[in-house]
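Chemist: My questions all concern the structure below.
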Amino acid sequence: MENEDQAWLDYRARFADVYDESNYASPLQSAVMRASHRLTEKNFNPSDHFAKVLEIGAGTGEHIDFVRHGFDQYILSDLDAKTLDVAKRKLNERFGCKLLYETQSGEGLSYGDNSFDRLIATHVLEHIYQPHIALKEWIRVVKHGGVLSILIPTDPGVAWRLGRHLGPRKNAIAQGIAYDYVMAREHVNSCNNLIALLRHYFPERTESWWPFPIPSIDLNLFFVCHAIVKKVGD
């Protein structure tokens, strides 16, 4: 790619190979990341069932182990095919034919309208340059009455910035990743702006925060929104 920075090209080339180590190797960082996935699923129970589920930005497949409800089909989608190869190696033996792995852009999905009963996006929306367009696309593929579940970090809140310096930054730099540069390009949307968008598009929603139930960007590390998709005429 012409005019692309070498630091970015190096990072993207290694992304699938270093993602799990970067985010789950440290006991503290792993505990925090796993808490974010549990937060996303705490509203659901084994008695719940969604026939078709789409996960956006599924990466190496870390989230599905925290899904508590039943499903008939679960599609792990990601723009990076290499990360999906990692997910397939990790998950196929346990889930088998219930899982599909598909390379998709979160801003332009190939699925038809009203294809899914639930859509999950954890640690994704902060990376998308035009999040309002992505949200409209996600609404399009979810059925009327379906659930859209979105988890975002509270970046640039005080707790998030402090936590970043205590763990992930040092770990990434040790692996030769230009962490500050990469994060400047990866986390392109602030939490408060994304929350404003979610509240605008989804009047019917539930919100959760972690680690404190107080709705504060500065005190917490993660925010989750579960929205019931309502479509005019349905």
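The values are calculated or read from the model by the stated rules, or taken from the named source; none is laboratory data. Predicted model, so just to flag it, every value in this text is computed and none were measured. Cβ atoms come from the backbone with ideal geometry, glycine included; neighbour counts cover every protein chain shown. Heads up: the accessible areas ignore ligands, DNA and RNA and are worked out on the full protein's heavy atoms, side chains in. Shrake-Rupley method; radii C 1.70, N 1.55, O 1.52, S 1.80 Å.
Chemist: I'd like the full set of residues that are outside any strand (DSSP E or B), open to solvent by less than 60 Å² (accessible area, probe 1.4 Å) and within 30 Å of TRP8 (Cβ to Cβ), limited to the stretch 197-234.
Modeler: Those that are outside any strand (DSSP E or B), open to solvent by less than 60 Å² (accessible area, probe 1.4 Å) and within 30 Å of TRP8 (Cβ to Cβ): LEU197, LEU198, ILE217, ASN220, LEU221.
Chemist: If we scan the stretch 124-131, do we find a residue that is without any contact (Cβ under 8 Å) to a residue 24 or more places away in the chain and either in contact with a helix residue (DSSP H, G or I) (Cβ under 8 Å, 6 or more places away or on another chain) or within 30 Å of TRP160 (Cα to Cα) (or both)?
Modeler: Within the stretch 124-131 (the criterion being without any contact (Cβ under 8 Å) to a residue 24 or more places away in the chain and either in contact with a helix residue (DSSP H, G or I) (Cβ under 8 Å, 6 or more places away or on another chain) or within 30 Å of TRP160 (Cα to Cα) (or both)), the answer is yes, since at least one residue qualifies.
Chemist: Taking the stretch 179-196, which residues are in contact (Cβ under 8 Å) with a residue 24 or more places away in the chain, touching a helix residue (DSSP H, G or I) at 6+ places or on another chain (Cβ under 8 Å), crowded, with 16+ Cβ neighbours inside 10 Å and in a helix (DSSP H, G or I)?
Modeler: Once the filter is applied, which keeps residues that are in contact (Cβ under 8 Å) with a residue 24 or more places away in the chain, touching a helix residue (DSSP H, G or I) at 6+ places or on another chain (Cβ under 8 Å), crowded, with 16+ Cβ neighbours inside 10 Å and in a helix (DSSP H, G or I), the stretch 179-196 yields VAL182, CYS191, LEU194.
Chemist: I need the full set of residues from the stretch 25-46 which are touching a residue at least 60 places away in the same chain (Cβ under 8 Å), open to solvent by 10 Å² or more (accessible area, probe 1.4 Å), touching a strand residue (DSSP E or B) at 6+ places or on another chain (Cβ under 9 Å) and not aliphatic (A, V, I, L, M), in order please.
Modeler: LYS42, ASN43 - these are the residues of the stretch 25-46 that are touching a residue at least 60 places away in the same chain (Cβ under 8 Å), open to solvent by 10 Å² or more (accessible area, probe 1.4 Å), touching a strand residue (DSSP E or B) at 6+ places or on another chain (Cβ under 9 Å) and not aliphatic (A, V, I, L, M).
Chemist: Give the residues of the stretch 47-59 that are surrounded by 20 or more Cβ atoms within 10 Å (Cβ to Cβ) and more than 19 Å from LEU109 (Cα to Cα), sorted by residue number.
Modeler: PHE50
Chemist: Moving on to the next point. Inspect the stretch 45-52 for any residue being within 19 Å of the chain's Cα centre (by Cα) and farther than 28 Å from ALA13 by Cα and give the result as yes or no.
Modeler: There is at least one residue in the stretch 45-52 that is within 19 Å of the chain's Cα centre (by Cα) and farther than 28 Å from ALA13 by Cα.
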